[in-house]
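**Student:** Below you will find the structure I want to go over with you.
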Ligand SMILES: NC(=O)c1ccc[n+]([C@@H]2O[C@H](COP(=O)([O-])OP(=O)(O)OC[C@H]3O[C@@H](n4cnc5c(N)ncnc54)[C@H](OP(=O)(O)O)[C@@H]3O)[C@@H](O)[C@H]2O)c1
């Protein structure tokens, strides 16, 4: 393993895949309550845990706190040690570093825990400097409310500023959570993935299934419901060749599904995917991305097919 990884954050590099919990309560993007319920979500959680997933990513804003509350409730019912990551959202009235520890305290109450394993700044904001945000995060570590500190949606410059403030305080930046999938490879092209590896910062890949598109179940005639329909209207018409190639490659590996190929590709790139799941069937299928590996030639073929779509 990379020498630059500190012993405090090493645990995150040992996690191959996690489970995203944005769907757990969100009505606006994910239509929570339509087609899936708390009991489906509970089954998604239980199936993931039964199959060895030990890392859950939530946020205070997911379902306005419902995702954290459900996660807390489910955690009470298992004796497995589960790593929990949540996030601070820099709402425009949160203008001091103290707002960060106040927000984390409220998250801990919803999660019914005394500490989380990773606390992340959800998005950078011009209203709070990176330095002030990191001071607030350090206070959370000092209070014992989080084991490690991460950022999300930070570009290289912002990430290095965060890294430097923490380094001066002998703390390692654990992670940067960013959009990364076969249909969004900005982090490869702009050097962020390489820089994360160099610094020993774990790149956590969100939307690794491109919000369901990479499963192959959506087409221009059958677009995803809600806001995803508009967001992906253009892209949907172009992805067929990639979806076909993913099916072929999945067949080479004994019938792996598209979601499994998509997640395995992210893992092969050295990132930690956190697919969201609404029910047990999705969760179980996604766990099947583990325990095998795409060879380099197939990763290269997938890169080539994706390049033709997203340039
Ligand atoms: N830091 C950030 O700013 C940020 C932003 C976005 C996400 N995230 C995190 O990343 C996690 C994952 O990203 P995401 O939720 O945006 O997208 P994703 O993981 O790419 O896609 C999840 C969606 O795909 C569909 N799906 C999942 N597994 C499937 C399967 N096996 N077969 C068929 N359909 C399947 C489901 O939706 P349908 O069934 O409705 O299609 C599911 O809700 C989130 O839960 C959240 O924790 C963070």
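**Student:** Does anyone have the angle between helix 38-50 and the longest principal axis of the chain? Alpha-carbon axes, 0 to 90°, nearest 10?
**Tutor:** The helix 38-50 is inclined about 90 degrees to the chain.
**Student:** Tell me, what are the semi-axes, in whole angstrom and largest first, of the equivalent ellipsoid of the range 237-306 as set by the roots of 5 times the Cα gyration tensor eigenvalues?
**Tutor:** Details: eigenvalues 69, 40, 29 Å².
Ellipsoid semi-axes (Å, largest first): 19, 14, 12.
**Student:** Over the range 195-296, what relative contact order in percent results from Cα pairs under 8 Å that are six or more residues apart?
**Tutor:** So the answer I get is 33 percent.
**Student:** Calculate the radius of gyration of the Cα atoms of the range 1-67 to one decimal place, then report Dmax, the largest Cα-Cα distance, as a whole number, both in Å.
**Tutor:** 14.9, 47
**Student:** Let me ask something else about it. Is it possible to state the helix-based mean residue ellipticity at 222 nm for the chain, with each DSSP H run of 4+ residues giving -39500 (n - 2.57), the sum divided by total residues, to the nearest 500 deg cm²/dmol? What is it? If you can, show how the numbers build up before the last one.
**Tutor:** On the way: 14 runs with 136 residues, N = 311.
That comes out to -12500 deg cm²/dmol.
**Student:** Taking the beta-carbon count within 10 Å as an exposure proxy, list 55, 28, 45 from fewest neighbours to most.
**Tutor:** Placing the least packed residue first, the sequence is 28, 55, 45.
**Student:** Quick check: the angle from helix 130-142's long axis to the longest principal axis of the chain, C-alpha only, nearest 10 degrees?
**Tutor:** 70 degrees
**Student:** Size of the chain along its principal axes in angstrom, Cα-based, largest extent first?
**Tutor:** For the chain, the Cα spread along each principal axis is 51, 41, 36 Å.
**Student:** Evaluate the relative contact order of the range 58-192 (contact order divided by residue number), counting alpha-carbon pairs under 8 angstrom at least 6 apart; express in whole percent.
**Tutor:** Once normalised by length, the contact order is 21 percent.
**Student:** On a 0 to 90 degree scale, rounded to 10, what angle separates helix 258-268 from the longest Cα axis of the chain?
**Tutor:** Orientation of helix 258-268: about 50 degrees from the principal axis.
**Student:** So what's the gap between the Cα centers of the range 148-180 and the range 30-107, to the nearest angstrom?
**Tutor:** If we compute the Cα centre of each part, the gap is 21 Å.
**Student:** In the Gaussian network model of the chain, springs joining C-alpha atoms below 10 Å, which of 155, 264, 169 carries the largest mean-square fluctuation?
**Tutor:** Looking only at 155, 264, 169, the biggest GNM fluctuation is shown by 169.
**Student:** Now, a different point. Could you check which residue among 34, 120, 282 shows the biggest mean-square fluctuation in a GNM of the chain with a 10 Å Cα cutoff?
**Tutor:** 34
**Student:** Where does the Debye-calculated log10 I(q)/I(0) of the range 166-261 sit at q = 0.13, 0.15, 0.18, 0.22 Å⁻¹, using only Cα point scatterers of equal weight, no solvent?
**Tutor:** -0.58, -0.71, -0.90, -1.10
**Student:** To continue, here is another question. With 10 angstrom as the radius, rank 175, 207, 129 by how many other C-beta atoms surround their C-beta, starting from the fewest.
**Tutor:** Arranged by neighbour count, lowest to highest, 175, 207, 129 become 129, 207, 175.
**Student:** Same structure again: Report the relative contact order of the range 80-155, percent, no decimals, based on alpha-carbon pairs under 8 angstrom and at least 6 residues apart.
**Tutor:** Once divided by the residue count of the range 80-155, the mean separation gives 39 percent.
**Student:** Measuring from the lowest to the highest alpha carbon on each principal axis, how far does the range 101-222 reach, largest first, in angstroms?
**Tutor:** 51, 34, 27
**Student:** What is the order of 123, 93, fewest Cβ neighbours within 10 Å to most?
**Tutor:** In increasing order of surrounding Cβ atoms, one gets 93, 123.
**Student:** For the range 41-173, what does the equivalent ellipsoid look like in terms of its semi-axes, each the square root of 5 times an eigenvalue of the Cα gyration tensor, given largest first in whole Å? Mind dumping the intermediate values first?
**Tutor:** Numbers: eigenvalues 141, 46, 35 Å².
Result for the range 41-173: semi-axes of 27, 15, 13 Å.
**Student:** Specify the residue with the greatest mean-square fluctuation among 88, 154, 11, computed from a Gaussian network of the chain linking alpha-carbon atoms under 10 Å apart.
**Tutor:** Ranking 88, 154, 11 by mean-square fluctuation puts 11 first.
Each value in this text was obtained by applying a stated rule to the coordinates, not by laboratory testing. Just so you know, these numbers come straight off a predicted model, no measurement behind them. So basically every Cβ, Gly included, is an ideal-geometry build from the backbone, and we count neighbours across all protein chains shown.
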